[in-house]
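Comments concern the structure below.
The values are calculated or read from the model by the stated rules, or taken from the named source; none is laboratory data. Everything numeric here is computed off the predicted structure, so don't read it as measured data. For neighbour counting, all protein chains shown are included, and Cβ atoms are generated from backbone atoms with ideal geometry for every residue, glycine included. Just so you know, the surface numbers come from the protein's heavy atoms only, side chains and all, with ligands and any DNA or RNA stripped out. Shrake-Rupley method; radii C 1.70, N 1.55, O 1.52, S 1.80 Å.
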Amino acid sequence: MEQGGLSLALAGAEAVDLLESGALTLDGDRMVPGPRVATGDRLLDEALASLVRRGERYETVEGWLWWRGGELAAAYVEDLEKAGLVAHPRGHVFRLRSARAVPADSPEHVRAEERRASGEPVLAALLAALGLGDEPSPARENLIGDAVTTVLAAVGGAVTELEAAQLRQDVESAAFDNMWRG
């Protein structure tokens, strides 16, 4: 899984959490900050604080996903490491920062796997956007409100756009390499 796509999906998950807490509403595809609420989660509080009022025009969901999602996956891994919920594989004296983090064996990991297996519609849609699962069933999709659907559609569009940009860059790099070989 690409870190960029994961960061976009995490930003989308934050937007959904903020919608559900009442700290955010949507006006079409524009994010309208609501009352400040303490979420108890450092990164979610940062997400809430990042919702900037710009006169009568608010940030679009897609624009906010790109802005907020910058290095969000790394920030979540860092928080999870501090909480002891993920670790880097052992085996070398020097731990490489680029080594892939893996979930620690914990009750939180078990609950996360149970949520994933349950087919929860929002989680299923985010995983599907990342290519890690099937789209949620239409019956379950009806449980998602219009605002959440707007966020999930923006996540899907942003991940697709990111994949297209990466593919374009790969093709251009391959063409450049072939030109130098020829």
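Counting only residues that are of a type in the set (G, A, S), open to solvent by 70 Å² or more (accessible area, probe 1.4 Å) and either at pLDDT 70 or above or assigned to a helix (DSSP H, G or I) (or both), region 80-130 holds 1 of them. Taking the criterion of being charged (D, E, K, R) and touching a residue at least 24 places away in the same chain (Cβ under 8 Å), the only residue of region 147-177 that qualifies is E163.
Residue under question is L51, and the condition is that it be farther than 18 Å from L123 by Cβ, open to solvent by less than 40 Å² (accessible area, probe 1.4 Å) and outside any strand (DSSP E or B); does it hold? So L51 fits the description; yes. Taken as a whole, the condition of being modelled with pLDDT of 90 or more, within 14 Å of the chain's Cα centre (by Cα) and of a type outside the set (S, T, Y) applies to A153.
Out of everything in region 20-45 that is touching a Gly at 6+ places or on another chain (Cβ under 8 Å) and open to solvent by less than 60 Å² (accessible area, probe 1.4 Å), what residue ends up being modelled with the lowest pLDDT?
Going through the qualifying residues, I end up with V37.
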